[in-house]
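The values are calculated or read from the model by the stated rules, or taken from the named source; none is laboratory data. Since this is a predicted model, take the numbers as computed values, not measurements. Cβ coordinates were reconstructed from backbone atoms using ideal geometry, including for glycine residues, and neighbour counts include every protein chain displayed.
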Amino acid sequence: MPNRRITIILNSNQTKRITVLVPVPTSGDTEYNVKEHILLQARNKFLNRYLSVVYLWGGEELKDGEVLSDKEEEVLVSKGEAYIGPPKKQKRSDGKVGEVRVLANTSFVHEEAVKQLEAVAELEGVYAAVGMPDLHKGDRFPIGCAIAAKGIYPALIGSDIGCGISLYPLGTKPAHLTPEKLALRLRRLDEPWEGDARAWLKLYGIEKETEWDMESLGTVGGGNHFAEIVTVERIVDAEACESMGVSENHLYLLAHTGSRGLGASILRDYTRSNGNPYLTSDNPEFNVYLEQHNHTVLWAKANRDLLAHRIKNCIFRQIQEQREDEDANELVETKEEAETSRDPREDLGKILDVTHNSVRQCGYEVDGNMVDVWLHRKGAAPTDQGFVPCPGSRGDFSWILQPMGDGQSNAHSLAHGAGRLHARNAPNLRRGKVDELTTTSLGSCVICTDPDLLVQERPEAYKSVQAVVDDMEEGGIAEGVVVLRPYVTYKTSQERGK
């Protein structure tokens, strides 16, 4: 049986690859299994006995008994997680390429991110691919962009469907409440909520039960997600702040989290046989996906609200138990109001809630004509829902913005934050002592017991949020309203490995 060289790439870490000889079975050979041979080689070389899936380049799964075509020179192996390699190049049936715009002048955008955006514009049915100032390279598709298309690409929305940021009031800032003292009050937020998760979801009209309801609802999650207590640094638009109820000498909570594994399970189901499926309205799966998407967006909103509810309880319960604390009297009024609420959401006083990973239908001008498009947002905030948060890194300021303009140039979207400057495994993020990263140059505290995450999320990993905001203001798509200063940032207090 003749042999051929094949490069095997680890799907979860594509810097790891090996080249092996794979026998080429003849047409009459029914006993030899190419997939099993590849997996055997991969398990031995990568020292991972759980590898069980072989992906062809583009995301199609190699099945038992199938042979590799002559064009296949590389394959990816996986433990069952979704394919995260580049999409398979497909020639558009209309021969056109969507418009590409990158709205960055001051803010740095890496050329690899632009290439990913250009590749998206070549996909079937895409009218426009617009990169925000926070645009940066993703695993397969760019992050910090809005894409207008005739149909829906689930992979462009990504795995964390419904991820977003909410802002809540916490009350007057006590004069003697330091970041260190406040940080001590944030406890057990990584653990499952002790309340009735299903009852909480029913407040949002969610009846469908999922495996993530009991374990994950009301938690932050990993990666770039956070719960950050902030205070007002500078008011730019006093009238706008008054309309939001934001004022100086008060504390607020920014909650950035999403669907906590639920969205990832949906994307995984839709990309098992095709790494980048395209769903048009005549596809039976179109409405099925849209229903699951909408449910997940609502679930993520409920997750942020419950997280805020838990954090308020962490703060105010201890104040109630320790009335003699000199900080207590200034905040106790908010606690008393919360106790009289029938609906536990009423005491949240939510100021804004913006989803930045989603798809929705809207009108968009294409070649001078207004058409209905499906606007995909992957790390992009909508401009039609009021004020928009734009957080910086954990050692930088955050902004609240007022959307401006007609939305055509920016696809009715704004940057969802500063955006990554360096990859998580960048060597320059490893310098210095890890324990020094729990405090920032702005005097805030960072709660993060995972040293790897602490390094990956250090301030230097992100772009300057001021440069991102400057680009949006200069482009006429947003105006700054208020600058928020970090006080305490919560990432995780769970011991690594648990």
Conditions first: (1) closer than 24 Å to residue 299 by Cα; (2) in contact with a Leu (Cβ under 8 Å, 6 or more places away or on another chain). Residue 186 passes all but one, so which condition is the exception? (2)
Scanning segment 410-430 for residues that are out of contact with any helix residue (DSSP H, G or I) (no Cβ under 9 Å at 6 or more places or on another chain) and over 19 Å from residue 486 (Cα atoms), the one surrounded by the most Cβ atoms within 10 Å (Cβ to Cβ) turns out to be 411
For residue 180, indicate whether it is in a loop (DSSP other than H, G, I, E, B), farther than 24 Å from residue 343 by Cα and of a type outside the set (Lys, Arg). no
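Table: residues versus (1) assigned to a helix (DSSP H, G or I); (2) in the same structural domain as residue 225 (by TED's automatic domain parsing); (3) closer than 26 Å to residue 137 by Cβ; (4) at pLDDT 95 or above.
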residue	(1), (2), (3), (4)
428	yes, yes, yes, no
436	yes, yes, no, no
443	no, yes, no, yes
446	no, yes, yes, yes
469	yes, yes, yes, yes
473	yes, yes, yes, yes
476	no, yes, no, yes
480	no, yes, no, yes
By residue number, the members of segment 376-409 that are out of contact with any helix residue (DSSP H, G or I) (no Cβ under 8 Å at 6 or more places or on another chain), farther than 16 Å from residue 358 by Cα and crowded, with 24+ Cβ neighbours inside 10 Å are 389
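Among what's in segment 280-303 and is under 16 Å from residue 263 (Cβ atoms) and hydrophobic (A, V, I, L, M, F, W, C), pick the residue that is surrounded by the most Cβ atoms within 10 Å (Cβ to Cβ). Steps first, answer last, please.
Our first condition is that a residue be under 16 Å from residue 263 (Cβ atoms); within segment 280-303, this holds for 288-303.
Still in the list and also hydrophobic (A, V, I, L, M, F, W, C): 288, 290, 297-300, 302.
Details: 288: 12, 290: 18, 297: 22, 298: 17, 299: 25, 300: 27, 302: 23.
Of everything passing the filter in segment 280-303, 300 is surrounded by the most Cβ atoms within 10 Å (Cβ to Cβ).
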Enumeration of residues in segment 245-293 that are without any contact (Cβ under 8 Å) to a residue 24 or more places away in the chain and closer than 24 Å to residue 170 by Cα: 247, 248
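Are any of the residues in segment 224-233 under 18 Å from residue 314 (Cβ atoms) and over 23 Å from the mean Cα position of the chain (by Cα)?
To start, the set of residues in segment 224-233 that are under 18 Å from residue 314 (Cβ atoms) comprises 225-231.
Still in the list and also over 23 Å from the mean Cα position of the chain (by Cα): 231.
Checked segment 224-233: at least one residue is under 18 Å from residue 314 (Cβ atoms) and over 23 Å from the mean Cα position of the chain (by Cα).
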Segment 246-259, residues that are β-branched (Val, Ile, Thr) and assigned to a loop (DSSP other than H, G, I, E, B): 246
Does segment 213-231 include one or more residues that are in a strand (DSSP E or B) and either among the acidic types (Asp, Glu) or over 21 Å from residue 179 (Cα atoms) (or both)? yes
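Can you tell which of 392, 407, 432 is closer than 17 Å to residue 135 by Cβ and either in a helix (DSSP H, G or I) or not charged (D, E, K, R) (or both)? Explain how you work it out, then say what you get.
Numbers: 407 fails: closer than 17 Å to residue 135 by Cβ; 432 fails: closer than 17 Å to residue 135 by Cβ.
Among 392, 407, 432, only 392 is closer than 17 Å to residue 135 by Cβ and either in a helix (DSSP H, G or I) or not charged (D, E, K, R) (or both).
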Restricting the search to segment 20-75, which residues are β-branched (Val, Ile, Thr), free of Cβ contacts under 8 Å to residues at least 60 places away in the same chain and surrounded by 12 or more Cβ atoms within 10 Å (Cβ to Cβ)? 20, 22, 24, 34, 38, 53, 54, 67
Identify, please: which residue in segment 86-107 is buried (at least 20 other Cβ atoms within 10 Å of the Cβ) and in contact with a strand residue (DSSP E or B) (Cβ under 9 Å, 6 or more places away or on another chain) and is, among those, modelled with the lowest pLDDT? 98
For segment 217-260, what are the residues that are in contact with a His (Cβ under 6 Å, 6 or more places away or on another chain) and closer than 22 Å to residue 443 by Cα? 225, 226, 256
Of the residues in segment 260-290, those that are under 20 Å from the mean Cα position of the chain (by Cα) and part of a helix (DSSP H, G or I) come to 262, 263, 264, 265, 266, 267, 268, 269, 270, 289, 290
Counted residues, segment 378-434 - those being farther than 18 Å from residue 479 by Cβ and of a type in the set (S, T, N, Q): 3
Tally time: how many residues in segment 139-190 are within 25 Å of residue 311 (Cβ to Cβ) and among the aromatic types (Phe, Trp, Tyr)? 1
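Criterion first (among the small types (Gly, Ala, Ser), in contact with an Asp or Glu (Cβ under 8 Å, 6 or more places away or on another chain) and closer than 22 Å to residue 289 by Cβ) does residue 363 satisfy it?
yes
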Scan segment 112-133 and tell me whether some residue there is touching a Pro at 6+ places or on another chain (Cβ under 8 Å), assigned to a strand (DSSP E or B) and not β-branched (Val, Ile, Thr). yes
Among the residues that make up segment 59-75, is at least one of them under 24 Å from residue 425 (Cα atoms) and outside any loop (DSSP other than H, G, I, E, B)? yes
Identify the residue in segment 333-361 that is farther than 14 Å from residue 308 by Cα and at pLDDT 95 or above and, among all such residues, is surrounded by the fewest Cβ atoms within 10 Å (Cβ to Cβ). 361
